Every structure is written in C-alpha cells, then in structure tokens.
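S.K.: This is the structure I have questions about; it appears just below.
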Amino acid sequence: STGDQYFISGKISTASEATLQNADQQQPLWVTDRYLQLPASIPGRIRLLAEELTVNKTNQYDKIVALQSFLRSYDYKLNRDKHPHQSDAVDHFLFESKVGYCDDFASSLAIMSRTLGIPSRVMAGYGPGIWGSEGDYSIIRDEDSHVWVEVFFSGYGWITFEPTPKYPLPSRSSGQT
C-alpha cells in the first residue's frame, strides 16, 4: 500500500575474481544434494553445449563466466514467443529462439552449470528501482522484478552471476577477501 516501507539487510561477498578462481572445488554435501539436481528428461545437447563452452576452463569460476558470457550474447525481449508445448524451455531458448527474458537466461545458466557439476540456484527479487528525489530511498515497482543466478563457492557461499544482457554484470572485489 502507499506509504509502506521495507528495510533490507544482507551480506555482500568481497571475494575477488582471483580468489574465486582459486576456491576449493570440493562442495559440502548439503549443497550438492540439493543444488545439482536436474530433471531426468533434460536434453543431452544442453550438457554438450555447456561442456563445449567450458572445454579449456580449469576452475568453477571461469566456467560460469564462460557460460554467462555466452548467454549475454542472446537477445533480451520481454514479449518473446512461448516455447512449444511439451518441449524443454531451456533447450528451446538455447537452440531455437535465442531470445528471452530474465527467466530464460537464469534458468539456462543454472541448468548448464549443474550439468557441469557446479551447484547453482535461481534467485528472484527486485532490481534497484528508481532513486527517490526526496531522500535516501528507492521506489521499487513490479516492473523492477528480476531473476538471476547464484553459484556456490566453498569458503565464500553463494556468489551472484548475471546472464541477462539487459542488466550490468556484478562487480567483484579487486582485493581483500
């Protein structure tokens, strides 16, 4: 309702690219049990594409960045055509339409990373909105809703990645962990 206020607190990782590249690739069981699940019906060519895009990458961070970069070359469009009935939405986006909105981009990054054994999850929330002209606040509207991906790194937790080309890439710390 008009006048409602929300206060948000959270944590932001200060892990640098170099730190994430050197992160322990061994994952806790509570992460792998849940965040590597894939449907049995996933088309094999999704895994093959993920493997092809990351063939020369030796660590989890570089693999995710390669997948993210690939997806950011696709077109962003809110009113894209729906995928055909009884087809896999990620497969259709990756190989047929190559046009989508944040749900398509995030789902594709999460699925491709999981095919590589990299724990990931799709997150939903809101973008920064519009900075309020009267003070220290933002106006958040329904059109600010967004979906992105987080990838688990041992020792650092869930790290944000942005496959949707409409949105800026997350900044990484350049120094201290």
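The values are calculated or read from the model by the stated rules, or taken from the named source; none is laboratory data. What you are looking at is a predicted structure, and each value in this text was computed from that prediction instead of being measured. Glycine gets a Cβ as well: all are built from the backbone with ideal geometry, and neighbour counts include every protein chain shown. Calculation scope for accessible area: heavy atoms of the full protein, side chains included, ligands and nucleic acids excluded. Shrake-Rupley method; radii C 1.70, N 1.55, O 1.52, S 1.80 Å.
S.K.: Of all the helices (runs of 4 or more DSSP H) wholly in region 30-120, which have at least 2 residues that are over 29 Å from D142 (Cβ atoms)? Walk me through it before giving the result.
M.R.: Numbers: elements: 44-53, 60-71, 89-92, 102-115.
The helices (runs of 4 or more DSSP H) meeting that bar are 44-53, 60-71, 102-115.
S.K.: Look through region 79-128, keep the residues that are in contact with a Phe, Trp or Tyr (Cβ under 9 Å, 6 or more places away or on another chain) and among the aromatic types (F, W, Y), and return whichever of them is nearest to L67 (Cα to Cα).
M.R.: The residue in question is F105.
S.K.: From the list L49, L38, exactly one residue is closer than 15 Å to S120 by Cβ, open to solvent by less than 100 Å² (accessible area, probe 1.4 Å) and modelled with pLDDT of 95 or more. Which is it?
M.R.: Unique residue meeting the criteria: L38.
S.K.: Which one is surrounded by the fewest Cβ atoms within 10 Å (Cβ to Cβ) among residues in region 62-97 that are in contact (Cβ under 8 Å) with a residue 40 or more places away in the chain and touching a Lys or Arg at 6+ places or on another chain (Cβ under 6 Å)?
M.R.: Y76
S.K.: A further question follows. Taking the residues in region 138-160 that are small (G, A, S) and assigned to a loop (DSSP other than H, G, I, E, B) as candidates, determine which candidate is farthest from N79 (Cα to Cα).
M.R.: The qualifying residue farthest from N79 (Cα to Cα) is G155.
S.K.: (1) closer than 30 Å to D142 by Cα; (2) modelled with pLDDT under 95; (3) open to solvent by less than 40 Å² (accessible area, probe 1.4 Å); (4) touching a Ser or Thr at 6+ places or on another chain (Cβ under 6 Å): which one isn't true of T14, the others all being true?
M.R.: (3)
S.K.: Could you say which residue among Y126, Y101 is over 24 Å from Q26 (Cα atoms), touching a residue at least 60 places away in the same chain (Cβ under 8 Å), aromatic (F, W, Y) and open to solvent by 20 Å² or more (accessible area, probe 1.4 Å)?
M.R.: Of the residues listed, the single one that is over 24 Å from Q26 (Cα atoms), touching a residue at least 60 places away in the same chain (Cβ under 8 Å), aromatic (F, W, Y) and open to solvent by 20 Å² or more (accessible area, probe 1.4 Å) is Y101.
S.K.: Name the pairs whose Cβ atoms lie under 7 Å apart, with the first residue in region 35-61 and in contact (Cβ under 8 Å) with a residue 60 or more places away in the chain and basic (K, R), the second open to solvent by less than 50 Å² (accessible area, probe 1.4 Å) and not in a loop (DSSP other than H, G, I, E, B), and 6 or more positions between them or separate chains?
M.R.: Between residues of region 35-61 that are in contact (Cβ under 8 Å) with a residue 60 or more places away in the chain and basic (K, R) and residues that are open to solvent by less than 50 Å² (accessible area, probe 1.4 Å) and not in a loop (DSSP other than H, G, I, E, B), the close pairs are R47/T115.
S.K.: Further, regarding this structure: Mind listing just one residue for me: the one in region 121-137 that is in a strand (DSSP E or B) and not aromatic (F, W, Y) and, of those, farthest from A40 (Cα to Cα)?
M.R.: Filtering first and then ranking leaves I130.
S.K.: Checking A106 against (1) open to solvent by 20 Å² or more (accessible area, probe 1.4 Å); (2) under 18 Å from the mean Cα position of the chain (by Cα), which test does it fail?
M.R.: (1)
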